[in-house]
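To keep things clear, I will list the structure first and then write my remarks on it.
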Amino acid sequence: MLKFLARFKLPKGIAILVIIALVMLIGASIGGLVGQSVNDFSEQLPAYKETLQDKFVWLVTTAANYNILLDKQQLISMLDPNQLIDVATNMLTGFGGVMANSFLILLIVVFMLFEAPSIGHKVHLALDDPEMKMQQIDRFLDSINSYLAIKTAVSLATGVIAATFLWALDVDYFVLWGVVAFLLNYIPNIGSIIAALPPVLLALVTQGPLVSGIVAIGYICINTLMGNMIEPRFMGRGLGLSTLVVFLSLIFWGWLLGTVGMLLSVPLTMVVKIALETSEEGKWLAILLSAEQPEE
């Protein structure tokens, strides 16, 4: 983005301000929509509890018609209203934490943008074989940029399609679930599954098992199309990490850095892989991390 703005002969300081303003505008717009949806969702939790209780009553009555005895009070007690309030509180707290982390990340990006023009010269002075090392660094940066660009485009398309699909089925808070699908699509393997659970359960509460099943099938189709067909087509061979390594990196970085680590597990693992490839002692481990068949 900084290079793109430099083509218009903008001073570096102004270009950075433009980038910051654009990021803040997009972040504030999405944050406002998501925040309002979260607040509305938390306010509706008591109503959802009553709806579930009614469904339990219907389930007990229907089962009794087939001589199946169920304890209504025991079923209702499984739905603790305090737990529902805790869910809403945790969602609001988590959203506030995301906004705080976003501000911190924005500050880091600002300082990185100011330092970017001098990085190449510093690396050139610091390395023993600058030409070879710079080629490896350029290859790494190109791979990361390509991965993030394609992943962002696919995640954005996934979120938009999911939100549109939920809107067509009249599922509440479709904007919120679209944003959730967009963000969690960055998490390999399990992100799309986690993103599907809230709208599926909400559809079950508000519209019944038929619509809930349709939502579940729709999410499966969306994630199969985007994750197994479109994304691999544009990603090609990807970043050269095996599927097992991607899954293990998700667990490791998630344990180390939490949700942020899960979102950045692939780029962070790629940093480690490239670093190992640059040293003779670490090449063997880089080969183990790679998805490619090593040459004899």
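The residue list LEU5, LEU25 contains one member that is at pLDDT 70 or above and either among the hydrophobic types (A, V, I, L, M, F, W, C) or surrounded by 15 or more Cβ atoms within 10 Å (Cβ to Cβ) (or both), which is LEU25. In the set (1) farther than 28 Å from ASP40 by Cα; (2) part of a loop (DSSP other than H, G, I, E, B), the condition left unmet by SER146 is number (2).
Each row is one residue, and each column tells you yes or no for (1) of a type in the set (Phe, Trp, Tyr); (2) more than 30 Å from PHE56 (Cα to Cα).
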position: LEU156; (1), (2): no, yes
position: TRP177; (1), (2): yes, no
position: LEU197; (1), (2): no, no
position: LEU225; (1), (2): no, yes
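Of LEU166, LEU156, LEU204, all but one fail to be part of a helix (DSSP H, G or I), buried (at least 18 other Cβ atoms within 10 Å of the Cβ) and either modelled with pLDDT of 85 or more or among the basic types (Lys, Arg) (or both); the exception is LEU166.
On inspection, ARG233 passes the criterion of being in a helix (DSSP H, G or I), at pLDDT below 90 and among the charged types (D, E, K, R). A single member of ILE19, ILE76 is at pLDDT below 70, part of a helix (DSSP H, G or I), surrounded by 15 or more Cβ atoms within 10 Å (Cβ to Cβ) and among the β-branched types (Val, Ile, Thr), and it is ILE76.
Here are some residues: GLY258, GLY208, GLY254. Which one is on the phi > 0 side of the Ramachandran plot and touching a helix residue (DSSP H, G or I) at 6+ places or on another chain (Cβ under 9 Å)? None of the others qualify; the one that does is GLY208. Check THR158, THR152 and return the single one that is farther than 18 Å from VAL260 by Cβ and of a type outside the set (Lys, Arg). Being farther than 18 Å from VAL260 by Cβ and of a type outside the set (Lys, Arg) holds for just one of THR158, THR152, which is THR158. Taking TYR173 as the residue in question, decide whether it is surrounded by 18 or more Cβ atoms within 10 Å (Cβ to Cβ), under 20 Å from ILE251 (Cα atoms) and in contact (Cβ under 8 Å) with a residue 40 or more places away in the chain. Criteria not met by TYR173. Only one entry in ILE251, ILE214, ILE222, ILE187 is part of a helix (DSSP H, G or I) and either closer than 30 Å to ALA286 by Cβ or within 12 Å of the chain's Cα centre (by Cα) (or both), namely ILE251.
Inside segment 9-42, residues that are under 26 Å from the mean Cα position of the chain (by Cα) and without any contact (Cβ under 8 Å) to a residue 40 or more places away in the chain make up a count of 9.
The values are calculated or read from the model by the stated rules, or taken from the named source; none is laboratory data. None of the values given here were measured: they were computed from a predicted structure. Cβ atoms come from the backbone with ideal geometry, glycine included; neighbour counts cover every protein chain shown.
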